[in-house]
Amino acid sequence: MAQILPQPILLTEEIKVSFTSNSKTLKAVDGVSFKVFEEDVLGLVGESGCGKTLTALSIMRLLPANASLSGKILYKGEDLLRKPESELRNIRGSEISMVFQEPMTSLNPVFTVGYQIAEVLTTHKKMNKKYAMKEAVELLRAVRIPSPEIRIKEYPHQLSGGMRQRVMIAMAIACRPSLIIADEPTTALDVTIQAQILELLDSLRRENKMSVLLITHDLGIVAECVKRVEIMYAGRIVEEADVRDIFTNPRHPYTIGLLESLPKKKGQRLTPIPGQVPRLSELHQGCKFSTRCRYSINECNSKEPELIPIDNTNHRSRCIKAGEL
Amino acid sequence: MYKGRGTLNVGHDNSCLNNMKELLKLEGIKKYFSAKGDNILRAVDNVSFSVKEGEGFGLVGESGCGKSTLARLILKLIPPTEGKIFFDDLDIVEAHGETLSKIRKGLQIIFQDPFASLNPRKRIVDAIGEALIVNKIVPKREVKDRIIELLKKVGLNGDTLYKYPHELSGGQRQRVCIARALSVNPRLIVADEPLSALDVSIQAQIINLLEDLQIDSNLSYLLISHNLQVIEHFSDTVAVMYLGRIVELSPTEDLFAEPLHPYTEALLSAVPVPEVDKRKKRIVLEGDVPSPLHIPSGCPFHPRCFKRFKPCEGEVPALKEVKRNRWVSCHLYA
């Protein structure tokens, strides 16, 4: 009997995001393809400016007006880039929702948190206001906010950073979405609060059978929360693998460099990646990492390698020396 | 030199450090701010410790625990409410005039945000040059050569000289800030979250640079950070702060091997480890850090503590040496 292959809930093909400035085109995201399966946690990992947030925003089609976007973004088989704006509004927040990094700037300071959560329900589920408020209390309870009946009447400034992020998560899960995009959800928080939020996201994901696209720069979070990893550099995916392979058998010099940059025990010298991320306007035609790469050879500067599988596995690397590393 | 790049083993008891002179010493430092109404905000409450010559001292804690206030007190940017601070046996709190300028030359700071700590309208040559000229470190005609030398030391080339801060990346700016701090030949550098605005690959470059400088110039560091991995890698001694108090003070290796205070234990367990197969039990603390305006009675940590028992509510535990060189403020060790 033929095995039924699991269907990805989200499949992106060759996402490209570019900006035009002074008649020059800057390619911020260049051909990003990945799949998110049901109840999966996919990590999009990279340093600032690598295009991970733009990739997330393009899935929601929330890019700034001066950006141009191409490629395919198939959500449950339908291309989001071909949908009219009105249909997309129904998907945003109810089918796919997003948790942003900075909970203070993503909540409206002049409305109570209850009102803001209820708004999601009145808009998407056409609930009446009274019922939506009741539901909002339940949602706050679900994200483990103590005495939700009181908290519901408070404004964002009355809550701590961790509480605000819980409110953001309550809004994100209000319509039971199939996919949550969490963009650096704990970067603004302290470690003990970060631990609370990561635990909460994981248990909600299990309870509601959601998939999560987790965007982060923190390799610790990747090791603990993510199943499959996409490492991004200069707008491209440079390595793709299951989380175990990323840490035990990295096959791209950038991934190796990131792991070696992490602080170790006292007295052990770190091996940083030399130089810095190239500007988008200064990218050359070869491998974008070659200028900082200690394994680079002449060939690296002339032709950009493809993202190819290693030993026919689902571990892929964009490096001509991937087999030797 | 007691410390090398893994060549000389420091050993568990920091015995080499024990013989070194105390360079910075804090005695019962308190900083209270008056807040709205008749409230008092206890930002720093009864903190004492010392940093020895050549030592890397790490100060760790979550936001609002008072670690940056402490940095400002040490640099005499704000006066303490109570307590004494000595730098090289000179009283910082009382210092003025020549004594103060002597202290300021020996004691420098690197801030968190390299974007905000450089004047956007000053070229690098002016930003660093000012410190050299004001403090009369070198004669005016040698200023430029000296700046180039300093830039080289922090890994920047001479082209940087006539650039403005906006032309540099975050990592390069942090290097400029370090060069500026080094320009007056300090003996102690207070580094307040010097890495948190930088990406991981750049962080490692700056950590290595700070370590090299420590070896070359026998610098001491007071490193303030919320990043425990950085603290573990960098410091010889660690102090853990919670709500304005030091809850644990210990040699770094011992603290990470066996945290004694429950807060330290929870803090260490909460850090996601970038390794697979090494899943550990995470202690998730209840609730948020209370506001420093309403510090809980007794042990400030007791409402969130998973090991609390009767005496915790009533009495503030004293910071006591419970094992050799290991100071803890917790009733469990009474």
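The table for this structure:
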| read-out | value |
| --- | --- |
| Flag for A:T248 being more than 7 Å from chain B (Cβ to nearest Cβ) and out of contact with any Phe, Trp or Tyr (no Cβ under 8 Å at 6 or more places or on another chain) | no |
| Pairs with Cβ under 7 Å, 6+ apart, first in the stretch B:59-71 and more than 14 Å from every other protein chain (Cβ to nearest Cβ), second among the polar types (S, T, N, Q) and part of a loop (DSSP other than H, G, I, E, B) | none |
| Of residues in the stretch B:266-310 being charged (D, E, K, R) and within 26 Å of B:A43 (Cβ to Cβ), the one farthest from the other protein chains (Cβ to nearest Cβ) | B:R308 |
| Residue match in the stretch A:51-66 (condition: buried (at least 17 other Cβ atoms within 10 Å of the Cβ), part of a strand (DSSP E or B) and touching a Leu at 6+ places or on another chain (Cβ under 6 Å)) | no |
| In the stretch A:247-267, the residues that are within 21 Å of A:S290 (Cβ to Cβ) and under 20 Å from the mean Cα position of the chain (by Cα) | A:Y254, A:T255, A:L258, A:L259 |
| Among the candidates B:S196, B:S220, residue that is touching a residue at least 60 places away in the same chain (Cβ under 8 Å), farther than 26 Å from A:L189 by Cβ and among the small types (G, A, S) | B:S220 |
| Residues of the stretch A:273-287 that turn out to be within 14 Å of chain B (Cβ to nearest Cβ) and not small (G, A, S), as a count | 8 |
| Residue that is farthest from the chain's Cα centre (by Cα) [pool: residues in the stretch A:306-323 that are open to solvent by 70 Å² or more (accessible area, probe 1.4 Å) and of a type in the set (A, V, I, L, M)] | A:I320 |
| Condition broken by A:Q268, with the remaining ones in (1) in contact with a Lys or Arg (Cβ under 9 Å, 6 or more places away or on another chain); (2) within 30 Å of B:Q229 (Cα to Cα); (3) assigned to a loop (DSSP other than H, G, I, E, B); (4) open to solvent by less than 30 Å² (accessible area, probe 1.4 Å) satisfied | (4) |
| Residue tally, condition in contact (Cβ under 8 Å) with a residue 12 or more places away in the chain, open to solvent by less than 10 Å² (accessible area, probe 1.4 Å) and within 14 Å of chain B (Cβ to nearest Cβ), over the stretch A:163-192 | 4 |
| Subset of the stretch A:75-106 [acidic (D, E) and over 18 Å from the mean Cα position of the chain (by Cα)] | A:E78, A:D79, A:E85, A:E87 |
| Enumeration of residues in the stretch B:223-243 that are within 10 Å of the chain's Cα centre (by Cα) and more than 24 Å from A:I221 (Cβ to Cβ) | B:A239 |
| Filter pass, B:I189 being open to solvent by 10 Å² or more (accessible area, probe 1.4 Å), in contact (Cβ under 8 Å) with a residue 40 or more places away in the chain, not in a helix (DSSP H, G or I) and not basic (K, R) | no |
| Leading residue by the ranking (nearest to A:D190 (Cα to Cα)) among those in the stretch B:24-43 that are open to solvent by 70 Å² or more (accessible area, probe 1.4 Å) and not hydroxyl-bearing (S, T, Y) | B:R42 |
| Helices (runs of 4 or more DSSP H) lying entirely in the stretch B:218-286 (those with 1 or more residues that are on the phi < 0 side of the Ramachandran plot and surrounded by fewer than 18 Cβ atoms within 10 Å (Cβ to Cβ)) | B:252-257, B:262-270 |
| Meets criteria (of a type in the set (A, V, I, L, M, F, W, C), closer than 22 Å to A:E282 by Cα and in a strand (DSSP E or B)) for A:F19 | yes |
| Matching residues in the stretch B:148-177 - criterion: being out of contact with any strand residue (DSSP E or B) (no Cβ under 6 Å at 6 or more places or on another chain), under 16 Å from B:S117 (Cα atoms) and more than 13 Å from chain A (Cβ to nearest Cβ) | B:K163, B:Y164, B:P165, B:H166, B:V176 |
| Residue in the stretch B:198-215 that is within 23 Å of B:G54 (Cβ to Cβ), under 20 Å from the mean Cα position of the chain (by Cα) and away from chain A (no Cβ under 14 Å) present | yes |
| Residue in the stretch B:29-37 that is touching a strand residue (DSSP E or B) at 6+ places or on another chain (Cβ under 9 Å) and basic (K, R) present | yes |
| Qualifying positions in the stretch A:68-118 - in a helix (DSSP H, G or I), hydrophobic (A, V, I, L, M, F, W, C), touching a residue at least 40 places away in the same chain (Cβ under 8 Å) and over 20 Å from A:R141 (Cα atoms) | A:M104 |
| Residue count for the stretch A:194-240, restricted to those that are part of a helix (DSSP H, G or I) and over 22 Å from A:S97 (Cα atoms) | 4 |
| Among the residues listed as B:R175, B:R141, B:R123, the single one being under 20 Å from the mean Cα position of the chain (by Cα) and either among the hydroxyl-bearing types (S, T, Y) or open to solvent by 10 Å² or more (accessible area, probe 1.4 Å) (or both) | B:R175 |
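Residue-wise test of (1) modelled with pLDDT under 95; (2) within 14 Å of chain A (Cβ to nearest Cβ); (3) surrounded by fewer than 17 Cβ atoms within 10 Å (Cβ to Cβ).
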| site | (1), (2), (3) |
| --- | --- |
| B:H12 | yes, yes, yes |
| B:N19 | yes, no, yes |
| B:D45 | yes, no, no |
| B:L77 | yes, no, yes |
| B:G83 | no, no, no |
| B:H96 | yes, no, yes |
| B:S117 | yes, no, no |
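The values are calculated or read from the model by the stated rules, or taken from the named source; none is laboratory data. From a predicted model like this one, the values you see are computed outputs, not experimental measurements. Glycine also receives a Cβ, built like all others from the backbone with ideal geometry; neighbour counts cover every protein chain displayed. With ligands, DNA and RNA removed, areas are computed over all heavy atoms of the protein, side chains included. Shrake-Rupley method; radii C 1.70, N 1.55, O 1.52, S 1.80 Å.
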